[in-house]
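Undergrad: Below is a structure I'd like to ask you about.
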Amino acid sequence: MTMDMEFEPLTGTFGAIVHGVDLSRAHDDVTIDSIMNGLMEHLVLVFPQQDITEQQHFDLGNRLGDLEPRHPLIDHVADFENLLLLENGPDRPPNNEDWHADMTFRAAPPHCSLLQAKVLPTRGGDTMFANMCAIYEDLSDTLKAMIENLTAIHDVERGFRKVLDDPKDQATLQAMENMDPTNSRVSHPVTGIHPVSGRRYLNVSECYTSQIDGMPQDEGDALLKMLSAQVWKPRYQLRHRWAVNDLVMFDNLGTQHYAVGDYTEYRRMHRITVKTYHATTARERVA
Ligand SMILES: [Fe+2]
């Protein structure tokens, strides 16, 4: 029996709750194509309270595209190297309050992430999203022309600098030093073009972008500060208040996100990161 999938928009510009789909067995072509269409249109999809196993989470990501391998700096779930384990709590207070898209320090940043809440604090720990396509579209034509051909450096060390400041975390520091510099400190266009939807998006973040190529640092810093600050405008934001087993799928190119660190109790999230959509999935989408 097939169910009708419905997308209930969450804001005036992006985000939708997805009704009528069971992610434990949503792997037929029609369902996957509907999810992809919905993701391209809404950028962030909230699938409420999907009681799926680690294997089913993995299978869903695997169905959408090629997965990111084991993360160089973040733990994974036992027996699932692609399934990131994001844990915070009394022993590890949240310390990653920065707007970012995931892993833009890679030469080819991942296309989307599938994040699920497994254990939540009594309150707090929301995740915020920003619509980088709408932010780009609303820039003036003068500014769009100015940034059109600019590139900027995305640097893993900038993103993980808080970890660097923690003398206890020598293992992460060592792992970062061992990373291939050609795949952890890279230049990307300031104006991104989405490979599937063709939409343009603003492609710099407070977290990872360290400088604009070819500009003196002070000029580049001023421009980056102004561009990066657009994510703080509420009209471009969406805030998700988690319930256990919610799964949120986000377009990692057209959006950025921010993990609100307003909690002290234990919080456990799992994330599958899709590096590149399967060619067939992408082709169906643009056809
Ligand atoms: Fe992230």
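Every number in this text was worked out from the coordinates using simple rules, so none of it is lab data. Just so we're clear, the structure is a prediction, and the values are computed from it rather than from any experiment. Neighbour counts are summed over all protein chains in view; Cβ atoms, including those assigned to glycine, are modelled from backbone coordinates with ideal geometry.
Undergrad: Dividing the alpha-carbon Rg of the range 6-286 by 2.2 N^0.38 Å yields what?
TA: Rounded to two decimals, the normalised Rg is 0.97.
Undergrad: Another question, then. For the range 1-78 and the range 189-219, write down the distance between their C-alpha centroids in whole Å.
TA: 27
Undergrad: Which order do the peptides 53-60, 216-223, 238-245 take when ranked by the mean count of other beta-carbon atoms within 10 Å per residue, highest first?
TA: Put in order of decreasing packing, that is 53-60, 238-245, 216-223.
Undergrad: Defining a contact as two alpha carbons under 8 Å apart and six or more residues distant in sequence, what relative contact order in percent does the chain show?
TA: That works out to 36 percent.
Undergrad: Using only alpha carbon positions, build the gyration tensor of the range 120-239, then give the equivalent ellipsoid semi-axes as the square roots of 5 times its eigenvalues, largest first, whole angstrom.
TA: Here the semi-axes work out to 27, 21, 14 Å.
Undergrad: A further question on this structure: Suppose we keep just the DSSP beta bridges with both residues in the chain; what percent of those would be antiparallel, to 5? Can you show the working numbers first?
TA: On the way: 53 of 55 bridges.
Percent antiparallel among DSSP bridges in the chain is about 95.
Undergrad: Given the options Gly61, Gly89, Gly254, state which has the largest fluctuation in a GNM of the chain using a 10 Å cut-off (strictly under) for Cα springs.
TA: Fluctuation is largest for Gly89.
Undergrad: Would you mind calculating the gained length between Asn178 and Leu85 on full extension (0.36 nm times residue separation, minus the Cα-Cα distance), in nm to one decimal?
TA: 31.4 nm
Undergrad: Report the residue, chosen from Asp262, Asp75, Asp180, that carries the largest GNM mean-square fluctuation when the chain is represented by alpha-carbon nodes joined by springs under 10 Å.
TA: Per the Cα network of the chain with a 10 Å cutoff, Asp180 tops the list.
Undergrad: Counting other beta carbons within 10 Å of each Cβ, put Phe80, Phe160, Phe250 in order, fewest first.
TA: Fewest-to-most Cβ neighbours within 10 Å comes out as Phe80, Phe160, Phe250.
Undergrad: Continuing with the same structure: Hey, fewest Cβ within 10 Å first, where do Tyr136, Tyr266 land in order?
TA: The most exposed by this proxy come first: Tyr266, Tyr136.
Undergrad: Here is a follow-up. Give the peptides 127-133, 141-147, 37-43 in descending order of average Cβ contacts within 10 Å, highest first.
TA: Descending packing order for the listed peptides: 127-133, 37-43, 141-147.
Undergrad: How long is the gain from Met226 to Thr122 if the chain were fully straight, where each residue apart is worth 0.36 nm and the alpha carbon distance is subtracted? Walk me through the numbers before you get to the answer.
TA: Numbers: separation 104, 0.36 × 104 = 37.44 nm, distance 3.57 nm.
Length gained, Met226 through Thr122: 33.9 nm.
Undergrad: Quick check on packing: order 64-74, 96-106 by the mean number of other C-beta atoms within 10 Å, highest mean leading. Before the final figure, lay out the partial values.
TA: Working: 64-74: 17.0, 96-106: 20.7.
Result, highest mean first: 96-106, 64-74.
Undergrad: Can I ask one more? Less than 18 Å apart at the alpha-carbon level, and either on another chain or at least 8 residues along: which aspartates and glutamates does that give for Lys162?
TA: Asp75, Glu87, Asp91, Glu97, Asp98, Asp102, Glu177, Glu206, Asp262
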